[in-house]
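First the structure, in the form of structure tokens, and then the observations on it.
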Amino acid sequence: MSESSSTHPSQADYAYQEHILQGVSRTFALTIPQLPTDLSGVVSNAYLLCRIADTIEDDKDMSFEQKKIFADRFINVVAAKEDSDSFARELHPLLSPASSADERDLIENTAPVIRITHEFNPRQRQALERCVKIMSEGMARYQESNVQNGLKDQADMDNYCYHVAGVVGEMLTELFCNHSEEINRHHEVMMNLAVSFGQGLQMTNILKDIWEDQNRNMCWLPRDVFEKYGLDLSHLEDGKQTPGFEKALQQLIGVAHSHLANALRYTLLIPSHEVGIRRFCLWALGMAVLTLRKINNNPEFNAGQQVKISRRSVKATIIFTNLLTRNDALLNLLFKLTASGLPKEKLAGKFAQADISA
């Protein structure tokens, strides 16, 4: 086990961070290196912190009480109020064998990750600490709830998406603003749009993974939307291919589409010369829009694999967004063409002012 997290990080710690990122997320291992050097390290670290929190909450063998204890302890570890070695030493043996080898390795090596966390400047550390705290507490709250039959309503879905994705958008915005005073001038509007960006990505994943979640007796869909079309989410399998299901699915695709439109607005607020940050955002945005298209074109899908975009589509997304990274007008056109045919819903509540839906 690594030495105490109170010491400064070594080259081996940085090498470990780069290595384990490849194991726990091929997507982020692809996108993070696009960022400027002073951002790539802190965003890599932030992702790993979120992954540790997520690994605790997703564990199949630990009780809710155990998860709550370790989630709270991890919040303290990130805030330098508890030793990372003892946290990792006590958590690692409790992890389910169903956890991936890379996730188990990450938990075992929490200390190197935390040593890097504690080297960041105060604004960066505050952003990471806030994100981990809000995410961990939010996930614990939903773990305690019975989500087998869906979430109460769209507002509840918005709240869930905020705790698992919107807060990540806020954290990234703080890191981008710390990187650039030019970006920092748009801080207020970008913070609101960042939550919308995160929700668009998270809703896309929720819709793609409907049936995998059902198999795990979990459902992150809003009951009120499906009840409006005569469906009970406790019998979702029975209503899968009915017109009511397709209408409800269309409404949620429309909400996700509107959030992704806000994600584009967010991206275009980043100066065009910040090519790496724009690409980091555009790649995620492009892949989400293509996934929504596949879901919209195949509403009778019964497995996420059926609506997963191909490697060819991923490559095309990268090529086109790279060519157009600096051109706002062409990026707007590309988004409209790619999202053509998708339904669109007017956003409400806290997103209404940010919404650019036509």
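Nothing in this text is a laboratory measurement; each read-out follows from the coordinates by a stated rule. Everything numeric here is computed off the predicted structure, so don't read it as measured data. Cβ: placed from backbone, ideal geometry, glycine included. Neighbour counts: every protein chain shown.
Quick look at the numbers
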| read-out | value |
| --- | --- |
| Flagged links, alpha-carbon separation over 27 Å, of K208/K336; K67/K228; K60/K228; K228/K336 | K67/K228; K60/K228; K228/K336 |
| Cα-based shape type of segment 48-181, given that a ≥ b ≥ c are square roots of the gyration tensor eigenvalues and the cut on a/c is 1.5 | oblate |
| Sequence-distant aspartates and glutamates (8 or more away, or on other chains) whose Cα lies within less than 14 Å of K81 | D72, E129 |
| Radius of gyration, Dmax [segment 9-121; alpha carbons; angstrom] | 13.6, 41 |
| Rel. contact order, % - alpha carbon contacts under 8 angstrom, at least six apart, segment 71-204 | 23 |
| Sparse-neighbourhood loop sites, GluC sites (Glu not before Pro) in segment 213-268 - DSSP loop, at most 16 other Cβ within 10 angstrom | E237 |
| Cut-off under 5 Å, modelled amide H: who pairs with L151 long-range | L221, R223 |
| Coordinate range along principal axes, alpha carbons of segment 117-267, Å, largest first | 53, 32, 21 |
| Alpha-carbon centroids, segment 148-215 and segment 1-75: separation in whole Å | 19 |
| Per-residue [θ]222 nm for the chain (sum of -39500 (n - 2.57) over DSSP H runs n ≥ 4, rounded to 500) | -21000 deg cm²/dmol |
| Relative contact order (%) - criterion: Cα under 8 Å, at least six apart; region: the chain | 17 |
| Cα-Cα separations in segment 145-358 greater than 21 Å, expressed as whole percent | 53 |
| Over the chain, equivalent-ellipsoid semi-axes from the Cα gyration tensor in Å | 32, 26, 18 |
